[in-house]
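Peer 1: So that we are looking at the same thing, I have put the structure below in structure tokens.
The values are calculated or read from the model by the stated rules, or taken from the named source; none is laboratory data. Predicted model, so just to flag it, every value in this text is computed and none were measured. Every residue, glycine among them, receives a Cβ derived from its backbone with ideal geometry; neighbour counts consider all protein chains shown.
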Amino acid sequence: MNDTDIILQFLSGGTIVVLLLAGLVILCVFLGVRIVSQSEKHVVERFGRLRAVLGPGINFIVPFLDRVAHKVSILERQLPTATQDAITADNVLVQVETSVFYRILEPEKTVYRIRDVDAAIATTVAGIVRAEIGKMELDEVQSNRSALISTIKSNVEEQVDDWGIEVTRAEILDVNLDQATREAMLQQLNAERARRAQVTEAEGRKRAVELSADAELYAAEQVAKARRIAADAEAYATQVVAVAIAENGLEAAQYQVALKQVDALATLAKGEGRQTIVLPADAVEAFRNAFTMLKGRT
């Protein structure tokens with residue numbers, strides 16, 4: 001009896017059945033247990049039809065009946081930068097560079113409703129960009145870029161909702177113009193700068209004239225104020241004299257006249273011809289009256 005006959009006898013009967021059953025169990029475990037990573041979802045089919053969607057972790061399926069048909073990544077994706085030609089409302093041809101970020105939320109919709117999701121999203125974005133820019137003038141496209149991005153994002157979300165996709169971000173990277181339009185815009189920009197410079201210069205001259213007029217007005221007001229103060233002082237002095245006359249009668253008036261005469265004689269005595277003093281006929285009487293009044297007041 002050779003070695004082969006010995007092995008066949010050992011494996012005969014119940015031993016072969018046990019080994020077959022053990023192999024079958026191992027195969028069922030291998031086919032029925034599915035471990036899904038955190039960044040994926042698995043689409044399971046049974047006889048060609050959707051059976052389940054497996055999430056991250058350990059999952060169990062029916063061996064030989066169920067199979068994993070699609071392994072879909074749920075990480076955020078970025079479409080390649082695309083360039084679309086568009087015409088604005090004021091008939092300017094522009095080239096718009098766009099980029100879209102998205103992620104798959106429901107892989108069962110993505111794999112059964114659209115064949116090439118990246119190409120479908122890119123086509124959708126291109127159509128929406130052309131339509132939205134066609135509603136705006138070039139200046140609005142340049143100045144309202146954030147509003148345009150929000151509009152494009154919301155419109156794309158509405159279009160791709162049936163594909164189980166979430167659009168996380170939409171970006172307009174650049175808006176390019178042809179050379180002729182660039183030169184025309186540069187000329188317009190230079191003209192606008194020149195106009196602003198002229199307006200600024202004119203406003204400066206106007207402000208200078210206003211300040212000069214304000215200065216003259218202030219000087220006139222100060223002169224008028226000084227004159228008013230002098231007039232008030234003179235009126236006050238006159239009022240004091242009038243009150244003194246009213247209280248003391250003619251004597252106060254004569255006293256004031258006598259003081260004026262004394263001041264005039266003193267001024268005359270200070271002149272170059274002070275060796276000879278000309279006195280009026282009643283000068284002595286004026287001195288006498290002044291000293292008498294002064295003495296009476298003290």
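Peer 1: Counting residues that are surrounded by 13 or more Cβ atoms within 10 Å (Cβ to Cβ), which strands (runs of 3 or more DSSP E) fully inside the range 36-85 reach at least 2?
Peer 2: 40-46, 49-54, 66-73
Peer 1: Let me ask something additional. Restricting to the range 93-134, what's the tally of residues that are part of a helix (DSSP H, G or I), under 25 Å from Gln179 (Cβ atoms) and among the hydrophobic types (A, V, I, L, M, F, W, C)?
Peer 2: Looking only at that region, the number is 3.
Peer 1: Looking at Glu183, Glu221, Glu210, Glu201, can you tell me which residue is at pLDDT below 85, surrounded by 10 or more Cβ atoms within 10 Å (Cβ to Cβ) and not β-branched (Val, Ile, Thr)?
Peer 2: On inspection, the qualifying residue turns out to be Glu183.
Peer 1: Let me ask another. How about the range 22-35: which of its residues are surrounded by fewer than 13 Cβ atoms within 10 Å (Cβ to Cβ) and aliphatic (A, V, I, L, M)?
Peer 2: Scanning the range 22-35 gives Ala22, Leu24, Val25, Ile26, Leu27, Val29, Val33, Ile35.
Peer 1: Also, I was wondering about something else. Could you list all residues from the range 68-112 that are among the charged types (D, E, K, R) and at pLDDT 90 or above?
Peer 2: Of everything in the range 68-112, those that are among the charged types (D, E, K, R) and at pLDDT 90 or above turn out to be Lys71, Glu76, Arg77, Glu97, Arg103, Glu106, Glu108, Lys109.
Peer 1: Right, another one. Any residue that is more than 21 Å from the chain's Cα centre (by Cα), modelled with pLDDT of 85 or more and within 30 Å of Val72 (Cβ to Cβ) - is there at least one of those in the range 138-152?
Peer 2: Scanning the range 138-152, I find at least one residue that is more than 21 Å from the chain's Cα centre (by Cα), modelled with pLDDT of 85 or more and within 30 Å of Val72 (Cβ to Cβ), so the answer is yes.
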